[in-house]
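The values are calculated or read from the model by the stated rules, or taken from the named source; none is laboratory data. Since the model is a prediction, treat every value here as computed from it, not as a measurement. Cβ atoms come from the backbone with ideal geometry, glycine included; neighbour counts cover every protein chain shown.
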Amino acid sequence: MFGAHYNTLLVMAGTGLLGLVSGVVGSFAVLRRRALMGDAVAHAALPGICIAFMILGDRNFWAFLAGAAASGVLGVLCVTWLRAHTRIKDDAAIGIVLSVFFGLGIVLLRSQQNHPNAQGAGLQNYLLGQTAGMVMQDLLSIIYVCAGVLTMLLLLYKEFKLLSFDREFSRVQGWPVLLLDILLMVLLVITTVVGLPAVGVVLMAALLIIPGVSARFWTDSLPVMLVLSAVFGLLTGVAGTVLSAVLPSLPAGPVIVLAGCAIFLFSMFFAPRRGVFSRLIEQLKLRSATARQNLLRSMYEINEPRLPDSAPVTLEELVASRAWSRAHALRLLSDAQSLGHVAPSGSGAWSLTPAGLKAATAVVRTHRLWETFLIQHADIAPDHVDRDADQIEHVLSSDLIAELEARLREDGRLPDGVSPPASPHEIVKRAAGRVRPGGAA
Amino acid sequence: MIERLMALTGYDEISFWIVATAALVNIACGILGCFLVLRRMSMLGDAISHAVLPGLAIGFIVTESRAMLPMLLGALAAGVLTALLTQMIHRYARVPEDAAMGVVFTSLFALGVLMIHRIAHDIDLDPDCVLHGILEGVAFEKGLGDVMPRPTFNMLIICVLTVMFVCLLWKELKIVSFDPALAESQGYRTNLVHYLMMGMVAGVTVAAFEAVGSILVVAMLIVPAATAHLLTDRLALMVVLSAFIGVVCAVLGRDAASRMETSVSGMMAVVSGGIFVVAVLFAPRHGYLLKVLRQWGLSLRIVQEDCLALLYRWQEGSPGKALTAGHAVAALGGGAYPRIALWLLQRDGRVRAEFGGVALTEKGSTQAQTLVKSHRLWETYLASLGLPPDHVHAPADRTEHFLNEAILRDVAEQIDHAQVDPHGRPIPKRDASRVNLEKRK
């Protein structure tokens, strides 16, 4: 029984480890905006393999790796040089190296095809990989490379971290950034080259990009991201291998990539802070909080001349004060009612409850504090502050409000502890139905 | 007409159709590639040429035949989907564009490989064919009576469509390529232009894919356009040049390939790389060698001028004493440049040897006077702007080499024709001999 699974286990270990190491190296590449470099390197390795074959005329595993790594590194150097010394941009440089090197590889490969040993060079394996055909030697080379690359990254962790986030700063600090950059790319090349026989060109590119991008959704901290990315890479490799073993008609390489793709999609939608869904929810929350506060402020301002009495406000007055439709205003009012901020007072009018008045006072206070601050400290004209304050008032933190109050108190512009200061500008009554962009008051 | 063309070019039938097909592909790709390179989306060609695979497979599955049109439509849809998904992941999930592209195209490619593997066992997806297309055998693909092979005819149509597309949308493509924000604010529908462009790229990629294979498509979308970008700053010229380079690649690539008996499309990619390298080195304005030469020339001019100014100041400070050549070179920082500069100055009679040292001749002294005048005027001007006196020397030292007569007059007026610089040294006056020198120029 073990015999039947020996090969699967071996492949699983190989792809898992490969996923792990390419996840870690790929994270740096993704952060350095070099995600597609892996793709270029994988293509650029072909001429090196051909030349190694031409020189040795034999299928020597390590010679192939060395040839592939050499031409991969040459490709990386070309991209780096082109970017630094010509007007060619990153993307074009990568594309040029990829296509020209690969074209050269094809030319060399074709011209060698008369050679007796040539069929073994296997272009198909190069493109799609031959995961199931992985042997102990492949696994060993993956283990060596994995250990070597991870040790290197661990030793130079601080430098690579600095390089990934602030290249200019690390240059100013005196680090040899170009050398570090190239070293990082060399690690990428080595990882790519060792993975080529297993998963092929395109799928290797995927292993480098997908775990890193997926991990980025879950965290803002580099060490966490690296660990997550390694785990995702490992999972991708293992899950892909298991799936393709269970469903024997599926080739492993593409299944591995699709497993990675599933992890990516899950992360993209469901990650807590940066995920699409949670961002959507955040946006909706912010929007409803903004609408709620705007309603309270409108009611307060309409009521202001009659304060401290809380007179009813009619729906018409409300609609006239904002770019709201009647239906929208009614919806806001019923929301506020369920929060206990307003209460209907007959004949289509609504009035603020004591709790609502308190909340509205706080909102108006924030708004006016910010307006006053803008006029006093940011030199913004009084007739321009309303709009600016309107955008920012909903997101001011309580710390900031306390600081604003302190500043305005120093200036003697803060009337008392609770009620809002008088508006620094005339509160404009708008004609009903006039729509302002964004619905701002 | 075709016979006459064949006779004119001296090709036999097979080579003629190879070159003609490849040239049509290269023209179409070269034209579209310009916009991709300018918009920094070069890798999109690579991505699309991989991602069309599931489209091809679906086209095949739906019709259960290898009919051209359904597969073309499927591939076109997949190509546009790649661009669309990349944009959406970039915009809504805030993944960097290149990483998003990497995720999308590798996943789609894996999906395509799986589909073909699983559902269409009988479809003959030979990676060799994907890479090279059927270029070598294009003459045998009879389609349209005996007028021209089918792939050539397809490419002719695609090429004409591309030219029409670019001519019709020239203004839109231009503004979107160079300043999308401006285009947006002017009311252009940049998204529509973007997706039309992507659709066009997908169409060309797919059609060319069958005829010449993916290596040539990817190479031709990027390399000729990047080469043309090095040669000119005008978009119209760039487009024409790029198409022309594509044709040259087709001709030279076929020649070289038939001589080396190797892959034609691979060779065309290599030739395009060769032309690119030549352009990188020798392009008139953006070429590397000429840029280096210009820098050398500028450095040499500046060192010569510094040398003149040095001798002028020496004579001003200690009249009658000779400055030895060695000291002069050392004062200019040592090394090769000052030695060459001094030698050049002596050769054209601006400096002469004198009592074991070097001194200015009449001619040299006039030029030196202008320089010192520029320097001191600029120092005075900077000081008048409020810069402290010990900070004005360094900027003036750099600026003095680039001030012309008109600027000097303006500066002199700005500082009310001051007589001395902030360090108390006299600002040289315009004198008769220098005016003569000006006239001679």
Complete set of residues in segment A:159-179 that are free of Cβ contacts under 8 Å to residues at least 60 places away in the same chain and either of a type in the set (Val, Ile, Thr) or touching a Ser or Thr at 6+ places or on another chain (Cβ under 8 Å) (or both): A:GLU159, A:LEU162, A:VAL172, A:VAL177
When segment B:261-298 is examined, which residues are found to be facing chain A (nearest Cβ under 7 Å), over 15 Å from the mean Cα position of the chain (by Cα) and modelled with pLDDT of 90 or more? B:MET267, B:ALA269, B:VAL270
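Condition check ((1) within 14 Å of another protein chain (Cβ to nearest Cβ); (2) closer than 22 Å to A:LEU74 by Cβ) across all residues:
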residue: A:LEU187; (1), (2): no, yes
residue: A:THR191; (1), (2): no, yes
residue: A:VAL202; (1), (2): yes, yes
residue: A:LEU208; (1), (2): yes, yes
residue: A:PRO211; (1), (2): yes, no
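Kindly indicate whether any position in segment B:233-249 is within 11 Å of chain A (Cβ to nearest Cβ), surrounded by fewer than 19 Cβ atoms within 10 Å (Cβ to Cβ) and outside any helix (DSSP H, G or I).
First, pick out the residues of segment B:233-249 that are within 11 Å of chain A (Cβ to nearest Cβ): B:233, B:249.
Then keep just the ones that are surrounded by fewer than 19 Cβ atoms within 10 Å (Cβ to Cβ); that gives B:233.
Checking which are outside any helix (DSSP H, G or I) leaves us with B:233.
Among the residues of segment B:233-249, at least one is within 11 Å of chain A (Cβ to nearest Cβ), surrounded by fewer than 19 Cβ atoms within 10 Å (Cβ to Cβ) and outside any helix (DSSP H, G or I), which makes the answer yes.
In this structure, is A:ALA320 in contact (Cβ under 8 Å) with a residue 24 or more places away in the chain and closer than 28 Å to A:LEU404 by Cβ?
Criteria not met by A:ALA320.
Going by the structure shown, is B:GLU405 of a type in the set (Asp, Glu), in contact (Cβ under 8 Å) with a residue 24 or more places away in the chain and crowded, with 17+ Cβ neighbours inside 10 Å?
Values: of a type in the set (Asp, Glu): yes; in contact (Cβ under 8 Å) with a residue 24 or more places away in the chain: yes; crowded, with 17+ Cβ neighbours inside 10 Å: no.
No.
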Selection from segment A:52-108 of residues of a type in the set (D, E, K, R), surrounded by fewer than 21 Cβ atoms within 10 Å (Cβ to Cβ) and within 14 Å of another protein chain (Cβ to nearest Cβ) yields A:ARG83, A:ARG87, A:LYS89, A:ASP90
Output the residues belonging to segment B:140-161 that are modelled with pLDDT of 70 or more and of a type in the set (A, V, I, L, M, F, W, C). B:PHE140, B:VAL147, B:MET148, B:PHE153, B:MET155, B:LEU156, B:ILE157, B:ILE158, B:CYS159, B:VAL160, B:LEU161
What single numbered condition from (1) of a type in the set (A, V, I, L, M); (2) modelled with pLDDT of 90 or more; (3) in contact with a His (Cβ under 7 Å, 6 or more places away or on another chain) fails to hold for A:ALA271? (3)
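So which residues in segment B:39-57 are in contact with a Lys or Arg (Cβ under 9 Å, 6 or more places away or on another chain) and of a type outside the set (D, E, K, R)? Steps first, please.
Start the filter on segment B:39-57 by keeping residues that are in contact with a Lys or Arg (Cβ under 9 Å, 6 or more places away or on another chain), which leaves B:40, B:42.
If the condition is that a residue be in contact with a Lys or Arg (Cβ under 9 Å, 6 or more places away or on another chain) and of a type outside the set (D, E, K, R), then B:SER42 is the only one that fits.
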Any idea which residue in segment A:236-273 is farthest from A:GLY23 (Cα to Cα), counting only those that are more than 11 Å from chain B (Cβ to nearest Cβ) and part of a loop (DSSP other than H, G, I, E, B)? A:PRO248
Of all residues being in contact (Cβ under 8 Å) with a residue 12 or more places away in the chain and of a type in the set (Ser, Thr, Tyr) in segment B:159-205, which is nearest to B:ASP233 (Cα to Cα)? Just the residue, please. B:SER177
Of the residues B:GLY424, B:GLY356, B:GLY364, which single one is closer than 20 Å to B:GLY317 by Cα, in contact with a helix residue (DSSP H, G or I) (Cβ under 7 Å, 6 or more places away or on another chain) and without any contact (Cβ under 8 Å) to a residue 60 or more places away in the chain? B:GLY364
Of the listed residues (A:LEU183, A:LEU228, A:LEU154), the one being more than 28 Å from A:GLY133 (Cα to Cα), assigned by TED's automatic domain parsing to the domain that holds A:PHE264 and surrounded by 19 or more Cβ atoms within 10 Å (Cβ to Cβ) is A:LEU228
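Taking helices (runs of 4 or more DSSP H) that do not extend beyond segment B:7-106, which have at least 3 residues that are within 26 Å of the chain's Cα centre (by Cα) and surrounded by 21 or more Cβ atoms within 10 Å (Cβ to Cβ)? Show your work before the answer.
Numbers: elements: B:13-38, B:43-63, B:68-92.
Helices (runs of 4 or more DSSP H) meeting the threshold: B:13-38, B:43-63.
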Residue selected from segment B:209-232 under the condition among the small types (Gly, Ala, Ser) and over 19 Å from B:ILE275 (Cβ atoms), by the criterion farthest from the other protein chains (Cβ to nearest Cβ): B:ALA211
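Rundown of residues vs (1) modelled with pLDDT of 85 or more; (2) within 28 Å of B:LEU168 (Cβ to Cβ); (3) in contact with a strand residue (DSSP E or B) (Cβ under 9 Å, 6 or more places away or on another chain); (4) away from chain A (no Cβ under 12 Å), yes/no style:
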{"site": "B:MET1", "(1), (2), (3), (4)": "no, yes, no, yes"}
{"site": "B:LEU24", "(1), (2), (3), (4)": "yes, yes, no, yes"}
{"site": "B:CYS29", "(1), (2), (3), (4)": "yes, yes, no, no"}
{"site": "B:LEU32", "(1), (2), (3), (4)": "yes, yes, no, yes"}
{"site": "B:ASP46", "(1), (2), (3), (4)": "yes, yes, no, no"}
{"site": "B:PRO70", "(1), (2), (3), (4)": "no, yes, no, yes"}
Under 7 Å by Cβ, and 6 or more places apart or on different chains, what pairs join a residue from segment A:136-153 that is in a helix (DSSP H, G or I) with one that is surrounded by fewer than 20 Cβ atoms within 10 Å (Cβ to Cβ)? A:MET136/A:LEU10; A:GLN137/A:PHE61; A:LEU139/A:LEU10; A:LEU139/A:ALA13
Is segment B:199-210 home to any residue that is assigned by TED's automatic domain parsing to the domain that holds B:GLU141, touching a Gly at 6+ places or on another chain (Cβ under 8 Å) and acidic (Asp, Glu)? yes
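Any residue that is more than 22 Å from B:ALA47 (Cα to Cα) and either surrounded by fewer than 17 Cβ atoms within 10 Å (Cβ to Cβ) or not basic (Lys, Arg) (or both) - is there at least one of those in segment B:207-228?
First, pick out the residues of segment B:207-228 that are more than 22 Å from B:ALA47 (Cα to Cα): B:228.
Subset that is either surrounded by fewer than 17 Cβ atoms within 10 Å (Cβ to Cβ) or not basic (Lys, Arg) (or both): B:228.
Scanning segment B:207-228, I find at least one residue that is more than 22 Å from B:ALA47 (Cα to Cα) and either surrounded by fewer than 17 Cβ atoms within 10 Å (Cβ to Cβ) or not basic (Lys, Arg) (or both), so the answer is yes.
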